[in-house]
Amino acid sequence: MSESSSSLNSRLFYGYPLAVYCFVMGFVASSFFLHSRGIFFPYWMEEFDVDKTQVSLAISLTLFTGSCCAPFTGFCLDRFRVRSIITVALLWLATGYLLLRFVDGYALFLLVLVVFQGIGWTGVGPLAQTKLMVNWFTRNRGVALGIAIMGISVAGIIMPTVATLFAQTLGWRDTYTLYAVFILLLVAPVTWLTVKQHPSELGQFADGDPAPPAAANAVPPLPAVGLIATYREFLTSKAFWSIVITFGLMNGVYSAMITHLPTYLTSELNYTLYDASYLLGIAGGFAIAGKVVMGWLMDHSNAKATVLAAVAAYLLSTLIFMNVEGYALLIIAASLFGLGFGGMVPVRSVLLSRLFGVERFSRVNGLLSFFLAPATFWVLITGYVADVTGTYVTAFQVWACAFTLAGLVTLLVRLPNREDAVT
């Protein structure tokens with residue numbers, strides 16, 4: 001029996017089905033809020049009798065809470081079993097979605113979103129998925145990360161239109177009840193049965209390679225320094241701060257775009273909610289290409305050039321959004337926005353793993369998410385500017401300035417290429 005098991009392990013590398021799990025998990029987790037909230041945004045405004053700024057505040061505080069919790073989640077992912085953390089986070093999310101059915105005012109709505117969606121997302125989102133891929137892949141890490149996180153983008157293609165259908169047939173409350181039931185009956189049990197922490201659990205090695213020499217096979221011990229010294233190293237790295245600034249600007253604006261684009265298109269350009277959902281779907285489709293292309297470039301090309309390509313896609317997209325109204329050109333803008341966004345997670349994950357190594361990856365990734373927390377208020381800023389000026393075009397001008405700054409920061413700092421990676 002043991003010989004059969006050993007033979008099976010030599011033929012089937014479990015990192016591949018685990019990448020598929022991460023793909024599906026990214027699809028599911030991002031469907032519930034990331035790719036639904038823009039569609040539900042006008043419904044929340046109407047039901048709770050609030051303006052864009054107030055709904056944007058609820059969303060920004062939810063995202064901010066998740067970012068603030070990320071360092072703790074990253075620490076737990078490095079110290080405890082990923083399977084347990086994801087499962088607990090799923091149950092927490094499902095509880096919140098069930099409670100949304102009963103909220104009867106804006107204050108309770110905000111509270112449930114912040115406490116349950118804000119905290120739960122950190123345990124089911126990219127932090128957990130990237131931790132698994134970093135554990136299971138070394139040589140092909142960039143592509144593995146791109147494929148695993150691609151589920152978020154596939155959800156971006158499908159879920160805006162599905163959420164529109166749900167909103168117009170079930171209503172947003174029943175939709176979240178449906179999400180909760182799906183988590184409890186399917187997603188949480190599959191997670192508990194599927195997730196494996198490390199190749200060594202199955203007698204395998206990173207990338208499915210045969211047994212490496214003993215020295216290479218050994219798992220590097222944690223540095224013999226205290227917790228404070230470890231985080232001091234992160235915080236004194238110029239490259240780390242360049243990643244914070246560059247990806248903070250890009251991540252925050254994308255979040256604002258998928259939140260506000262449906263309202264902009266329906267209220268200012270007189271398109272339908274389905275028209276808006278199709279544009280979000282196109283952005284999601286090109287985000288898939290961005291994950292694969294940017295992941296491949298990180299594995300085989302210059303890191304700085306890869307980041308600058310993502311920034312350029314964002315900037316050009318924003319310039320189109322703020323200057324045109326024709327649907328064909330809006331499709332081009334959405335495509336470029338998706339392309340830039342798609343590369344963000346695999347690119348920054350590869351950069352962090354190269355700078356600080358695999359064993360400390362989740363801690364530095366969690367710390368990065370903490371410092372990205374202020375970027376979550378781009379959603380609020382965009383809603384506030386639209387309310388005050390009466391148009392989203394002014395907000396797009398602010399976005400363009402942010403992307404220009406991100407490009408300048410990237411040009412000034414040296415980013416690690418593959419040969420510079422810390423092992």
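Listed by position, the helices (runs of 4 or more DSSP H) contained in segment 282-385 that have at least 3 residues being over 26 Å from Lys131 (Cβ atoms) and either out of contact with any strand residue (DSSP E or B) (no Cβ under 9 Å at 6 or more places or on another chain) or open to solvent by 40 Å² or more (accessible area, probe 1.4 Å) (or both) are 303-321, 327-342.
Residues of segment 139-161 that are touching an Asp or Glu at 6+ places or on another chain (Cβ under 6 Å) and either hydroxyl-bearing (Ser, Thr, Tyr) or not in a helix (DSSP H, G or I) (or both): Arg139, Asn140. The one condition from (1) closer than 13 Å to Gly290 by Cβ; (2) modelled with pLDDT of 90 or more; (3) within 16 Å of the chain's Cα centre (by Cα) that Val347 does not meet is (2). Is it the case, given these coordinates, that Ile85 is in contact (Cβ under 8 Å) with a residue 60 or more places away in the chain and touching a helix residue (DSSP H, G or I) at 6+ places or on another chain (Cβ under 7 Å)? Here the answer is no, as Ile85 does not meet what is asked. May I ask you to verify whether Leu170 is open to solvent by 60 Å² or more (accessible area, probe 1.4 Å) and within 19 Å of Gly26 (Cβ to Cβ)? Here the answer is no, as Leu170 does not meet what is asked. Within segment 145-157, residues that are open to solvent by 10 Å² or more (accessible area, probe 1.4 Å) have Cβ atoms under 7 Å from residues that are of a type in the set (Lys, Arg) in these pairs: Met150/Lys291, counting only partners at least 6 apart in sequence or on another chain. When Thr87 is tested against (1) open to solvent by 60 Å² or more (accessible area, probe 1.4 Å); (2) hydroxyl-bearing (Ser, Thr, Tyr); (3) within 25 Å of Ala180 (Cβ to Cβ), exactly one condition is not met: (1).
Between Ile228, Ile245, which is open to solvent by 70 Å² or more (accessible area, probe 1.4 Å), part of a helix (DSSP H, G or I), modelled with pLDDT of 75 or more and not charged (D, E, K, R)?
On the way: Ile228 fails: modelled with pLDDT of 75 or more.
Matching residue, one of Ile228, Ile245: Ile245.
Yes/no per residue for (1) modelled with pLDDT of 85 or more; (2) of a type in the set (A, V, I, L, M):
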{"site": "Leu355", "(1), (2)": "no, yes"}
{"site": "Phe377", "(1), (2)": "yes, no"}
{"site": "Leu380", "(1), (2)": "yes, yes"}
{"site": "Trp399", "(1), (2)": "yes, no"}
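Taking segment 298-329 on its own, how many of its residues are closer than 18 Å to Thr382 by Cα, among the small types (Gly, Ala, Ser) and more than 23 Å from the chain's Cα centre (by Cα)? Result for segment 298-329: 0. If you go through segment 102-118 and pick out every residue that is within 16 Å of Ser31 (Cα to Cα) and either without any contact (Cβ under 8 Å) to a residue 40 or more places away in the chain or not small (Gly, Ala, Ser) (or both), you end up with 3. Here segment 97-114 is the region considered, the condition is being in contact with a helix residue (DSSP H, G or I) (Cβ under 7 Å, 6 or more places away or on another chain) and farther than 18 Å from Phe41 by Cβ, and the residue that is modelled with the lowest pLDDT is Arg101. Selection of first residues in segment 268-283 that are in contact (Cβ under 8 Å) with a residue 12 or more places away in the chain and of second residues that are among the polar types (S, T, N, Q) and assigned to a loop (DSSP other than H, G, I, E, B), restricted to Cβ pairs under 9 Å at least 6 apart or on distinct chains, gives the following pairs, ordered by first then second residue: Glu268/Thr391.
Scanning segment 93-101 turns up no residue that is under 25 Å from Leu368 (Cα atoms), open to solvent by 10 Å² or more (accessible area, probe 1.4 Å) and free of Cβ contacts under 8 Å to residues at least 60 places away in the same chain.
The values are calculated or read from the model by the stated rules, or taken from the named source; none is laboratory data. For clarity, every value in this text was computed on a predicted model and none was experimentally measured. Positions of Cβ are backbone-derived with ideal geometry, glycine not excepted, and every protein chain shown enters the neighbour counts. Accessible surface is based on the protein model in full, side chains and every heavy atom, while ligands, DNA and RNA are left aside. Shrake-Rupley method; radii C 1.70, N 1.55, O 1.52, S 1.80 Å.
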